[in-house]
């Protein structure tokens with residue numbers, strides 16, 4: 001005998017009773033494809049688009065004079081990109097004052113500071129030109145945060161550095177004379193103001209009603225801080241600088257001219273620096289709070305064990321075992337800067353360029369810039385600031401962050 005038929009109305013009621021409300025439904029569940037869809041082609045689309053448009057990368061180097069900052073930048077990008085060697089054969093006297101030098105691959109047009117530099121057509125070996133510009137700080141508090149009020153505007157129009165079809169717009173900011181004074185009190189202020197100025201410029205473009213399709217990014221993505229190779233401990237200046245700067249930018253400390261230390265001295269110095277950073281709760285890049293998954297955490301843990309990197313810079317090649325290598329020639333041999341057995345420059349290069357470049361940009365945008373943006377938008381609610389653009393009202397002083 002066949003079971004009695006159930007009326008359709010009763011079936012619908014049973015289905016409704018057994019149905020799971022939408023609010024209680026589980027999240028997206030992966031399904032098995034029974035044919036090729038082509039979703040993975042989006043990666044090729046992203047690659048092609050990136051190769052066409054290129055990307056910006058802005059790095060800052062900070063440290064006392066004579067620690068090899070210019071040479072290190074040349075070594076990182078295998079070209080003459082620093083101020084010292086932007087015009088081969090002609091030495092430029094760098095003033096011992098805290099000024100910010102922006103070295104950009106391309107033409108720099110400056111309003112109110114200097115005419116077009118004759119170096120614009122000077123080759124760098126990368127098919128691009130380098131022009132150097134000194135950004136002098138204004139004595140007015142907060143002037144760099146409002147460049148169109150009291151400090152000159154710098155318009156960067158970089159040409160691209162291309163490697164295997166990938167285009168990068170590179171800007172290097174140098175700080176000649178940092179920490180060279182007898183009284184170094186507040187010597188980090190011009191650097192902090194400069195970094196905040198770049199955030200301010202980006203914010204002003206971002207909050208416009210009619211925005212550019214692609215906002216020019218001059219924000220500092222990473223700051224390499226050069227620690228003198230004393231072999232003892234971090235100075236109060238080093239600690240205070242990294243404590244202040246790590247709040248607004250990705251700070252990567254390195255031991256400069258590590259070839260002046262023995263292997264034992266280097267290991268002890270690195271350990272003392274790590275202890276000082278931990279004691280003073282200074283969070284340098286890569287920060288533990290920003291590890292996204294176990295795989296990233298494992299990689300970053302290995303990097304954090306090596307920080308600060310003991311580096312050696314060199315922009316000259318030498319013949320070693322039939323190969324041309326970058327290195328420093330001494331009486332007892334050649335120090336190969338790209339040999340992990342000689343120094344930790346390869347670790348710094350991989351961190352800044354090969355493995356964490358995009359992460360540096362992401363943290364700059366999602367963490368440091370976002371913190372600045374929230375503060376500025378909160379300040380825009382104060383009297384004297386327009387809620388639309390955050391510009392100081394008439395008769396009001398500029399904000400000093």
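The values are calculated or read from the model by the stated rules, or taken from the named source; none is laboratory data. Not measured: the values here are computed from a predicted model. Using ideal geometry, Cβ is built from the backbone for each residue, glycine included, and neighbour counts are taken over all protein chains shown.
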Restricted to segment 308-325 and to residues being under 31 Å from the mean Cα position of the chain (by Cα) and in a loop (DSSP other than H, G, I, E, B), the residue modelled with the lowest pLDDT is 315
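Got a sec? Which of 212, 167 is part of a loop (DSSP other than H, G, I, E, B), surrounded by fewer than 18 Cβ atoms within 10 Å (Cβ to Cβ) and either free of Cβ contacts under 8 Å to residues at least 40 places away in the same chain or at negative phi (or both)? Give the steps one after another, and end with the answer.
Working: 167 fails: part of a loop (DSSP other than H, G, I, E, B).
The conditions single out 212.
Given the residues 289, 276, which is the only one that is modelled with pLDDT under 95 and assigned to a helix (DSSP H, G or I)?
Just one listed residue meets the conditions, 289.
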If you scan segment 40-70, which residues turn out to be closer than 27 Å to residue 242 by Cβ and not in a strand (DSSP E or B)? 63, 64, 65, 66, 67, 68, 69, 70
